[in-house]
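The values are calculated or read from the model by the stated rules, or taken from the named source; none is laboratory data. All values derive from a computational prediction rather than experimental measurement. Note that we place each Cβ from the backbone using ideal geometry, even for glycine, and neighbour counts take in every protein chain shown.
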Amino acid sequence: MFLVAIYETHCHTPLCKHAVGEPEEYVEAAQLAGLDGIIFTCHNPMPDGFDAQVRMAPDEFDTYLRIIDRAGRRWSGTMDVRLGLECDYFPGYEHWLENQVRAADFHYLLGSVHPHQKGFRERYWTGDPVLYQREYFKLLAQAAETGFFDCLSHPDIIKNETPNDWQPDALMEPICAALDRIAKCRTAMELNTSGLNKTIPEMNPGPLILREMYRRSIPVVIGADAHKPERVGKFFNQALDVLETCGYQHVNFFLERKRHQVPISEMRSSLRTI
Ligand SMILES: [Zn+2]
Ligand SMILES: [Zn+2]
């Protein structure tokens, strides 16, 4: 039995200081795109001023809960609005994350390794772009192994940090080693359509990695990572094309932290072209 529903699974709120639009506007955009619901996954609060300029402060967490709840009530009966969170995975903060993932009734938790953030560069950049890329994939596997997350976001976003040195075919050995570890954890991975707007204009991850994910039966969740309402549901049709090319016949989404599968054919017939 499939629950045929389409969700935007990755979007933000102005609390992260680099997104615009109130949650209600994102929900409206999701409805216009022909989706059934939307899961908000704004950037998690972190302690010690960790990358504080691009996330909600710890004392804004209650506001986050309140504005998502407000949007849910406003659209009640029409659109399904759910609470999620995009959590930064950074070694040393496991204890913080362990408490955070229990801090609310989340429907969906994304684990992200963000190599563009300052602390990450300070800790891992050695001047060698390929080593930096290898380290990224190791950390992605480590994020899955914490068991905190349902899905790993934009899982090759490192390519935009080192675009001139990005040669995925030459990096498949460490990438596949990471995918083996992730598959063992049964953590899903995202196909993030916002990659099309980045330096390397390709979704995250690209087809080479997606094919290896398929070979390991790693479930995929599509998300647009919308930082403004008009990006909600963006390029979902293209994402389905890419997935099918790589062998996939289903996409996934999470509600109440449980994974649901939708056949791509069913999803296609419900989506409006945007
Ligand atoms: Zn992210
Ligand atoms: Zn995001």
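Being of a type in the set (Asp, Glu), touching a residue at least 24 places away in the same chain (Cβ under 8 Å) and either closer than 19 Å to Ala143 by Cα or within 14 Å of ligand 1 (Cβ to nearest atom) (or both) is the requirement here; does Glu212 meet it?
Details: of a type in the set (Asp, Glu): yes; touching a residue at least 24 places away in the same chain (Cβ under 8 Å): yes; either closer than 19 Å to Ala143 by Cα or within 14 Å of ligand 1 (Cβ to nearest atom) (or both): yes.
So Glu212 passes the test.
Kindly indicate whether any position in the stretch 151-174 is surrounded by fewer than 16 Cβ atoms within 10 Å (Cβ to Cβ) and among the aliphatic types (A, V, I, L, M). Please lay out each step first, then the result.
Here is the first cut: in the stretch 151-174, the ones surrounded by fewer than 16 Cβ atoms within 10 Å (Cβ to Cβ) are 163-165, 167, 169-170, 172-173.
Among the residues that remain, those that are also among the aliphatic types (A, V, I, L, M) are: 170, 172.
Checked the stretch 151-174: at least one residue is surrounded by fewer than 16 Cβ atoms within 10 Å (Cβ to Cβ) and among the aliphatic types (A, V, I, L, M).
When you go through Asp88, Asp69 one by one, which is the residue that is in contact with a Ser or Thr (Cβ under 6 Å, 6 or more places away or on another chain) and either at pLDDT 95 or above or not basic (Lys, Arg) (or both)?
Values: Asp69 fails: in contact with a Ser or Thr (Cβ under 6 Å, 6 or more places away or on another chain).
It is Asp88.
Only residues that are more than 15 Å from ligand 2 (Cβ to nearest atom) and in contact (Cβ under 8 Å) with a residue 60 or more places away in the chain: list them for the stretch 76-104, please.
Scanning the stretch 76-104 gives Asp80, Arg82.
For Leu85, state whether it is closer than 22 Å to Val20 by Cβ and either away from ligand 1 (no atom under 16 Å from the Cβ) or exposed (fewer than 12 other Cβ atoms within 10 Å of the Cβ) (or both). Outline the logic, then answer.
On the way: closer than 22 Å to Val20 by Cβ: yes; either away from ligand 1 (no atom under 16 Å from the Cβ) or exposed (fewer than 12 other Cβ atoms within 10 Å of the Cβ) (or both): no.
Here the answer is no, as Leu85 does not meet what is asked.
Got a number for residues in the stretch 138-171 being more than 16 Å from ligand 1 (Cβ to nearest atom) and either more than 21 Å from Thr193 (Cβ to Cβ) or not in a loop (DSSP other than H, G, I, E, B) (or both)? Talk me through it step by step, then tell me what you get.
Keep residues of the stretch 138-171 that are more than 16 Å from ligand 1 (Cβ to nearest atom), which gives 138, 141-142, 145-147, 162-171.
Subsequent filtering for residues that are either more than 21 Å from Thr193 (Cβ to Cβ) or not in a loop (DSSP other than H, G, I, E, B) (or both) retains 138, 141-142, 145-147, 162-165, 167-171.
Adding up the residues that qualify gives 15.
Give the residue that is farthest from ligand 2 (Cβ to nearest atom), with candidates limited to residues of the stretch 7-28 that are among the hydrophobic types (A, V, I, L, M, F, W, C) and crowded, with 24+ Cβ neighbours inside 10 Å.
Taking the stretch 7-28 and keeping what is among the hydrophobic types (A, V, I, L, M, F, W, C), we get 11, 15-16, 19-20, 27.
Applying the additional criterion that residues be crowded, with 24+ Cβ neighbours inside 10 Å yields 11, 27.
Values: Cys11: 8, Val27: 17 Å.
Per the stated criteria, the residue is Val27.
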